[in-house]
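Heads up: the structure comes next, in structure tokens.
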Amino acid sequence: MFAINSRVGITSGLALAVVALSVAPALASDLSPIEELGAEIFFDEDLSINQNQSCASCHGVEEGFTGPESDTNEFGAVYEGSIAERFGNRKPPSAAYATLSPILHYVLDKKEHLYLGGNFWNGRATGERLGNPAADQALGPFLNPLEQGLPDSACVVYRVCEGSYGGLFESIWGPGACDIDWPDDVEEECVVQGGAVALQADDREDVDAAYDEIGLSVAAYEASPEVNAFTSKYDYYLAGLVDLTKIEKKGLNFFKGKGKCDNCHVLDPGPNGEPPLLTDFTFDNLGVPRNPENPFYDEPPFNPLEEAWVDLGLGGFLDSRLDYAADAPDNYGKQKVPALRNVDKRPYPGFVKAFTHNGYFKSLKAVVHFYNTRDAKPECDDPFTPADEAMVLGCWPEPEVEANVNDDELGDLHLLDWQEDAIVEFLKTLSDGYVPKN
């Protein structure tokens, strides 16, 4: 994988993170007004059609801002939306460190277009609209019928303006931010699937502006030290304040060497000494099998292909863009390379986390073992074989998408079992909230 070291889009404030490692992590009271506003929006369940789902419903704090329900993660790993029995098609990516991704673009790599940046697993929150992929991403779930499910952006704006923090919204974005002539039936329209709020043209323009400001506010919170804390054991190790154990150091060495992990999850600091983000912001098809428990297979109203559906990832999104469509076939099956920060963060030891875009894997050991042995083991007879069963059988199912599978950096790494375990121990040092003993 082509490693991106330019850190396009990283804010200058990130350079302060190295210094901040010597002090306590930020508390909610340390948030700036716009970050506080973004937090209010992020945790507000009223911003869904049935007033029962917030951003945090899929991006839990104690889980590293990803899926907060152990039982859900153990199976399909896809979360139910505000409307009962409606599910999306991928597991929630982490919202932590997502603000550091640049606007989706491509660079030339060996005369081919290499895409990087954006948010969502398939990069569709490009950042082109608001200049910030995290802000673009924040606006998607509110109106997604499989997620928060509100029928109109006006409903989001109305509930923000009428909420307990409406005054804070106006104080930040101007006294006219909520000065909209709402119709008497606005609340009724906001609980009707497919409904729309009838607004005058100038009020609709104000709603559009306020909706963008909501996205920017959420992104401000997601960029705060409360979300991008840089307080893992590995950060303290880089600052010379703690040491890694022998097995963690061995895991770090295998991560950089035999395991080839840092080809994509780069460990290089930024140009001004910023802490490493453990991603190069690119996209890759790892050959991950289908998750047989994905509830999206059983939603014919939204997925008429049912079990025949495959997630084309970045390539599927590029197909929807005339300016990028020519590159789509070369990117089918590629998903965003995630930052590995907080990859093992969980509220208690027995909590199940799901990994990769579809949540197929349920342990870091399984992920590392797949990277190591994908091409060294025979193919399972059943393409819907779960990961734990595949490991017992000594096989791996076929990739969800056969095209563009990365055969160069994973698949037959010849790692010994204890070396896989060492990499897992290193990955555990990447969780924020570590408290040094001294």
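Filtered by the rule that a residue be over 19 Å from the mean Cα position of the chain (by Cα) and not aliphatic (A, V, I, L, M), segment 209-230 gives Tyr211, Asp212, Glu213.
Considering every residue within segment 64-77, establish whether at least one is in contact with a Ser or Thr (Cβ under 6 Å, 6 or more places away or on another chain) and closer than 12 Å to Glu147 by Cα. No.
Criterion first (under 22 Å from Gly76 (Cβ atoms) and either buried (at least 18 other Cβ atoms within 10 Å of the Cβ) or at pLDDT below 95 (or both)) does Thr385 satisfy it? Yes: the conditions hold for Thr385. Screening Glu85 on (1) within 19 Å of the chain's Cα centre (by Cα); (2) charged (D, E, K, R); (3) in a loop (DSSP other than H, G, I, E, B) shows it passes everything except condition (1).
Screening Asp208 against (1) closer than 23 Å to Phe120 by Cα; (2) crowded, with 18+ Cβ neighbours inside 10 Å leaves a single unmet condition, (2).
Residue count for segment 411-438 under the criterion of being crowded, with 19+ Cβ neighbours inside 10 Å, of a type in the set (A, V, I, L, M) and part of a loop (DSSP other than H, G, I, E, B): the result is 2.
Which count do you get for residues in segment 257-275 that are among the hydrophobic types (A, V, I, L, M, F, W, C) and touching a Lys or Arg at 6+ places or on another chain (Cβ under 9 Å)?
Of all residues in segment 257-275, those among the hydrophobic types (A, V, I, L, M, F, W, C) come to 261, 264, 266-267.
Those left that are additionally touching a Lys or Arg at 6+ places or on another chain (Cβ under 9 Å): 267.
Of the residues in segment 257-275, 1 are among the hydrophobic types (A, V, I, L, M, F, W, C) and touching a Lys or Arg at 6+ places or on another chain (Cβ under 9 Å).
If the condition is being among the β-branched types (Val, Ile, Thr), outside any loop (DSSP other than H, G, I, E, B) and touching a residue at least 12 places away in the same chain (Cβ under 8 Å), then segment 384-410 contributes only Val405. Scanning segment 360-419 for residues that are under 26 Å from Gly350 (Cβ atoms), in contact with a strand residue (DSSP E or B) (Cβ under 8 Å, 6 or more places away or on another chain) and among the charged types (D, E, K, R) yields a count of 1.
Residues checked against (1) surrounded by 23 or more Cβ atoms within 10 Å (Cβ to Cβ); (2) more than 30 Å from Tyr348 (Cα to Cα); (3) touching a residue at least 60 places away in the same chain (Cβ under 8 Å); (4) out of contact with any helix residue (DSSP H, G or I) (no Cβ under 8 Å at 6 or more places or on another chain):
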position	(1), (2), (3), (4)
Gly88	no, no, yes, no
Ala125	yes, yes, no, no
Ala134	yes, no, yes, no
Glu162	no, yes, no, yes
Gly167	no, yes, no, yes
Ser171	no, yes, yes, no
Asp184	no, yes, no, yes
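For residues that are part of a helix (DSSP H, G or I) and over 19 Å from the mean Cα position of the chain (by Cα), scanning just segment 296-317, find the one that is surrounded by the most Cβ atoms within 10 Å (Cβ to Cβ). Walk me through how you get there before you give the answer.
Pass one, segment 296-317, residues part of a helix (DSSP H, G or I): 296-298, 306-308, 313-317.
From the residues that got through so far, the ones that are over 19 Å from the mean Cα position of the chain (by Cα) too are 297-298, 306-308.
Working: Tyr297: 20, Asp298: 12, Glu306: 11, Glu307: 14, Ala308: 8.
Only one residue fits best here, namely Tyr297.
Candidates in segment 249-295 are the residues that are part of a loop (DSSP other than H, G, I, E, B) and of a type in the set (S, T, N, Q); of these, the one that is nearest to Val78 (Cα to Cα) is Asn294.
Any idea which of Leu139, Leu114, Leu130 is part of a loop (DSSP other than H, G, I, E, B) and either aromatic (Phe, Trp, Tyr) or modelled with pLDDT of 95 or more (or both)? If you could, list the steps in order and put the result at the bottom.
Details: Leu139 fails: part of a loop (DSSP other than H, G, I, E, B); Leu114 fails: part of a loop (DSSP other than H, G, I, E, B).
Just one listed residue meets the conditions, Leu130.
Is it fair to say Leu150 is in contact (Cβ under 8 Å) with a residue 60 or more places away in the chain and among the aliphatic types (A, V, I, L, M)? Steps first, answer last, please.
Details: in contact (Cβ under 8 Å) with a residue 60 or more places away in the chain: yes; among the aliphatic types (A, V, I, L, M): yes.
Here the answer is yes, as Leu150 does meet what is asked.
Of all residues in segment 104-119, at least one satisfies being buried (at least 21 other Cβ atoms within 10 Å of the Cβ), of a type in the set (A, V, I, L, M, F, W, C) and touching a strand residue (DSSP E or B) at 6+ places or on another chain (Cβ under 8 Å).
The values are calculated or read from the model by the stated rules, or taken from the named source; none is laboratory data. Nothing here was measured: the structure is a model prediction, and the numbers come from that model. Reconstructed Cβ throughout: ideal geometry from the backbone, glycine too, with neighbour counts over all protein chains shown.
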